[in-house]
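Notes follow once the structure below has been shown.
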Amino acid sequence: MMLAESLNILGLKHSALVKDVREAYWSRAMKAHPDHIGGSVEAFQTLVSAYQEVLSFIQNAPCDYCIEGYTYALDKNFHKLRMPCAHCMGTGRRG
């Protein structure tokens, strides 16, 4: 699953913070869980996969806000935009 698809499943933008990811996951998990009316195993598994993909992306970033000194955003057509990170000044180091 691609990151853009995972973000779309969770209803998030590329600039979402970890707390936003968790909130989106929990709110959707309550609706998609197979024990709830209208939920299904397939929908819940898709949601869990999307959540894990986004968390993996965030946790593997060298800076809390960027990847290797650059932030990535998606424009309205889901084209990836690469910009220098304002938080680590393009060094890619936490600080």
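The values are calculated or read from the model by the stated rules, or taken from the named source; none is laboratory data. From a predicted model like this one, the values you see are computed outputs, not experimental measurements. With ideal geometry, Cβ positions are generated from the backbone for all residues, glycine too; neighbour counts draw on all protein chains shown.
Here are a few things to note about the model shown:
- For the residues PHE57, PHE78, the requirement of being modelled with pLDDT under 90, within 12 Å of LEU7 (Cα to Cα) and in a loop (DSSP other than H, G, I, E, B) singles out PHE78.
- If you go through the stretch 1-48 and pick out every residue that is in contact with a helix residue (DSSP H, G or I) (Cβ under 9 Å, 6 or more places away or on another chain), outside any loop (DSSP other than H, G, I, E, B) and of a type in the set (Gly, Ala, Ser), you end up with 5.
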